[in-house]
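Contents: one structure, followed by commentary.
The values are calculated or read from the model by the stated rules, or taken from the named source; none is laboratory data. The shown structure was predicted, so the numbers you read here are calculated from the model rather than taken from an experiment. Heads up, the Cβs are rebuilt from the backbone with ideal geometry, glycines too, and the neighbour counts pull from every protein chain shown. When the accessible area is computed, the model is the full protein with side chains, heavy atoms only, and any ligands, DNA or RNA have been set aside. Shrake-Rupley method; radii C 1.70, N 1.55, O 1.52, S 1.80 Å.
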Amino acid sequence: MKILSTTIVMLTLTIVLFGCAPRTKEKQLGKFIAAHVEKIKPIRKKASLAYWNAAITGDSKDYDKFSKLQLKIRQIYSNPEEFTFLRDIKESGQVKDAKLARQLDELYNAYLENQIEPQLLKKIVDLGTEIEKNFSTFRGTIRGKKVTTNEIKKILKTETDSVKRKEAWLASKQVGSVVATNIIQLVKLRNEAARKVGFENYHTLSLTVAEQDVEEIDRIFNELYELTNEPFAKLKDDLDRILAAKYGAEVKELAPWHYHDPFFQETPLVYDLDLDAYYKDKDVRELALSFYAGIGLPVQSILANSDLYEREDKNPHAFCTDIDREGDVRILCNLKNNENWMDTILHELGHAVYDKYQDPNVPYLLREPAHIFTTEAIAMFFGRLSRNAAWMQQMLKLSDEQRMEIEKVSGKYAKLKQLIFVRWAMVMYDFEKQLYANPDQDLNSLWWKMVEKYQFVKKPNGRVEPDWASKIHFAIAPCYYHNYVLGELLASQLHHHIVVNILKLEPDKEVSYVDQSKAGDFLRKKVFEAGATYHWNDMIERATGQPLTPKYFVAEFVK
Ligand SMILES: [Zn+2]
């Protein structure tokens, strides 16, 4: 705060002396950015390291260190004087230099979302923590006996008795009535915070600070809805027939508990596809290493800093972290030689090469992916290869017969998986938007209206329960779900562009990408090196010739 007031005094003097407003604003901003980066860079690096250490050791001291540093970062961005300074510069419209303007946008948004009064912020954080705790400690019951989420999922995957399936599904929803009132309260508090900085609700604020326009996202989702409507209806008819036969029921008797997942967000296991056999005698680390080397995006130095295998107390999931925006990029995995971990290591290394191959000449604040969903798109682009028959044939040295075996089911499975997921994500996106627009409406009915509209799954007769509230994302990852869909759309758009315009192949040719260094070059030059220098949609247009569109996702998975 002290440093800042001195800066302002000095900058005011500059204006008086030179009087040339536009240049002055740019100079003021330049100075602010230099001071800001000097302050934030070491804290961010320390926080990333603390998080990394916590993840690989499970040591609570590292977790404490991480949350303290996170709070410190949050405090920097909650400074109201600095926010006002940035807002005034932004509103002056006098920052003409494109890179400075981009940095100003990034800073402005980071400050904007943290302009919450400490008391209100505390209420939001405390309530969020309470809900999260409820979610992690609550156990549903079947006939009075407590069951875990894994047990419920197992029943929904394997049980053939409809009565038992129904009981498991009902158990998965019980947490909803425990947390619903608190979630509604949390939504109202978030809305209160958003209104104080001039937004109609928290949903609009969230998207705006993420540089996403609600109308634009609506348009993309509507187009995807229209384009997938008929194909999804057909695919679901087939699926329903298979499921009904399996459960000895009529198609019209099918209910939400017949779909192998509490929300019908995952693919029911009805088409045999066991790819693990192909991977069990291979080394997924070696495969990933040699694949990335072949496309000209070496990952040796990334893997050298990474933590790849299971250990006690270690985080059991997977993630990628850019420690310093200066080349120290690491991934965490718990590798096994199976298809799922092949997908995961390709996925995490996709995030990693995006971070690793940033252009060091780009300013620090812009040396990051254009958007959270663009890095997700690159990760998905590479992760999809673990089930790609052409890729598997080349990397795993399979025979033509083996490749054909895989192709018989992999295409159908991929289509099913993508369609089921995007239709489910439409429920999440639309419901959440309306939840923030009016948290006092009849949310229980709204939820089933959405499920019926997008997933074609009927509400059980007479059901009046807060089934929506059993989805943890509303509490812990608000207004985020659409990014998974945008990532899938972009992965398909990049794939199409590379196949047709870079590799000059037919659009529907199955491409393995093995040893296609032209593909790696394209991604490095057009996507990675640009960092956040351009708005995400400008980056996509510069790279592929058109803004983000669902067209190629539909061509790839819907047809
Ligand atoms: Zn990811």
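Conditions tested, residue by residue: (1) part of a helix (DSSP H, G or I); (2) touching a strand residue (DSSP E or B) at 6+ places or on another chain (Cβ under 6 Å); (3) in contact (Cβ under 8 Å) with a residue 40 or more places away in the chain; (4) open to solvent by less than 40 Å² (accessible area, probe 1.4 Å).
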residue	(1), (2), (3), (4)
A532	no, no, yes, yes
R542	yes, no, no, no
L548	no, no, yes, yes
K559	no, no, yes, no
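In this structure, K417 does satisfy being in contact (Cβ under 8 Å) with a residue 24 or more places away in the chain, farther than 25 Å from K356 by Cα and open to solvent by 30 Å² or more (accessible area, probe 1.4 Å). Of the residues screened, K39 is not one that is touching a residue at least 40 places away in the same chain (Cβ under 8 Å), open to solvent by 20 Å² or more (accessible area, probe 1.4 Å) and assigned to a helix (DSSP H, G or I). In region 164-187 there is no residue matching the filter, namely being surrounded by fewer than 20 Cβ atoms within 10 Å (Cβ to Cβ) and in a loop (DSSP other than H, G, I, E, B).
Per the listing A370, A352, A377, the residue uniquely within 16 Å of the ligand (Cβ to nearest atom), in contact with a helix residue (DSSP H, G or I) (Cβ under 8 Å, 6 or more places away or on another chain) and outside any helix (DSSP H, G or I) is A370.
For region 283-325, residues that are open to solvent by less than 70 Å² (accessible area, probe 1.4 Å) and under 19 Å from V514 (Cα atoms) total 16. Applying the selection to region 480-504, what residues are modelled with pLDDT under 95 and either away from the ligand (no atom under 16 Å from the Cβ) or open to solvent by less than 20 Å² (accessible area, probe 1.4 Å) (or both)? Of everything in region 480-504, just one residue is modelled with pLDDT under 95 and either away from the ligand (no atom under 16 Å from the Cβ) or open to solvent by less than 20 Å² (accessible area, probe 1.4 Å) (or both), namely Y481. Considering the conditions (1) in a loop (DSSP other than H, G, I, E, B); (2) more than 16 Å from the ligand (Cβ to nearest atom), S290 is excluded by exactly one of them, (1). A single entry from I33, I116 fulfils the requirement of being crowded, with 18+ Cβ neighbours inside 10 Å and outside any helix (DSSP H, G or I): I116. From the list A377, A370, A318, the one residue that fits, being of a type in the set (G, A, S), within 15 Å of the chain's Cα centre (by Cα) and within 25 Å of K39 (Cβ to Cβ), is A370. Has region 356-364 got at least one residue that is within 16 Å of the ligand (Cβ to nearest atom) and either assigned to a helix (DSSP H, G or I) or surrounded by 20 or more Cβ atoms within 10 Å (Cβ to Cβ) (or both)? Looking for residues that are within 16 Å of the ligand (Cβ to nearest atom) and either assigned to a helix (DSSP H, G or I) or surrounded by 20 or more Cβ atoms within 10 Å (Cβ to Cβ) (or both), one finds at least one in region 356-364, hence yes.
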